[in-house]
Amino acid sequence: MEGEFEVEFTPIPEAEYRAVIKEIKADTTPKGSPLLELIWMIDDEDVRKLLGQDEPTVRQTIWLDINEQGAMEFGKNKNIGLGKMRDA
């Protein structure tokens, strides 16, 4: 192999951006805890130029509270991350 690999990641600058969900995936941790993974595509020309990517993305993981029957739980302190994402 010739050439060198990058050793530092260029973060997306902290700010508010327009973004669209590119992918949604339900998954579990190795221990079986349910989660939802969202891949957001940032719609910003400056970010595309900074990162050198046509579709800069960020990943958001939301831990899910599921009851013993496998249904989503509602109520105090349950599925707060999912509720915040839906409100946005």
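Bear in mind these aren't lab numbers, they're just calculated from the coordinates by the rules spelled out. Given the structure is predicted, the values throughout are model-derived calculations rather than measurements. Every residue, glycine as well, gets a Cβ built from its backbone with ideal geometry; the counts of neighbours run over all protein chains shown.
With a cut-off of 8 Å between alpha carbons and a minimum separation of six or more residues, what is the relative contact order of the chain in percent?
Details: 105 pairs, mean separation 18.1, N = 88.
Here the relative contact order equals 21 percent.
Loop sites here are GluC sites (Glu not before Pro) outside DSSP states H, G, I, E and B with no more than 14 other Cβ atoms within 10 Å. The longest part of the chain free of them is 17-67. Seen from a random direction on average, the alpha-carbon convex hull of the chain projects onto 8.9 square nanometres.
Counting only other residues whose beta carbon sits under 9 Å from that of I42, what net charge do I get with K and R as +1, D and E as -1? List each step's numbers first, then the result.
Numbers: positive: R18, R48; negative: D43, D44, E55.
Value of the local net charge: -1.
Structure shown: which of K25/K49; K25/K76; K25/K78 lie over 22 Å apart, alpha-carbon to alpha-carbon? Going by Cα-Cα distance, K25/K49; K25/K76 fall outside the 22 Å limit.
Considering only DSSP states other than H, G, I, E and B, which trypsin sites (Lys or Arg not before Pro) in region 44-88 qualify as loop sites with at most 14 other Cβ atoms within 10 Å?
Values: sites: R48, K49, R59, K76, K78, K84, R86; in loops: K76, K78.
Filter output for region 44-88: K76, K78.
Nearest 500 deg cm²/dmol is fine: what mean residue ellipticity at 222 nm does the chain get from its DSSP H runs of n ≥ 4 alone, each adding -39,500 (n - 2.57), divided by its residue count?
On the way: 2 runs with 15 residues, N = 88.
Computed mean residue ellipticity for the chain: -4500 deg cm²/dmol.
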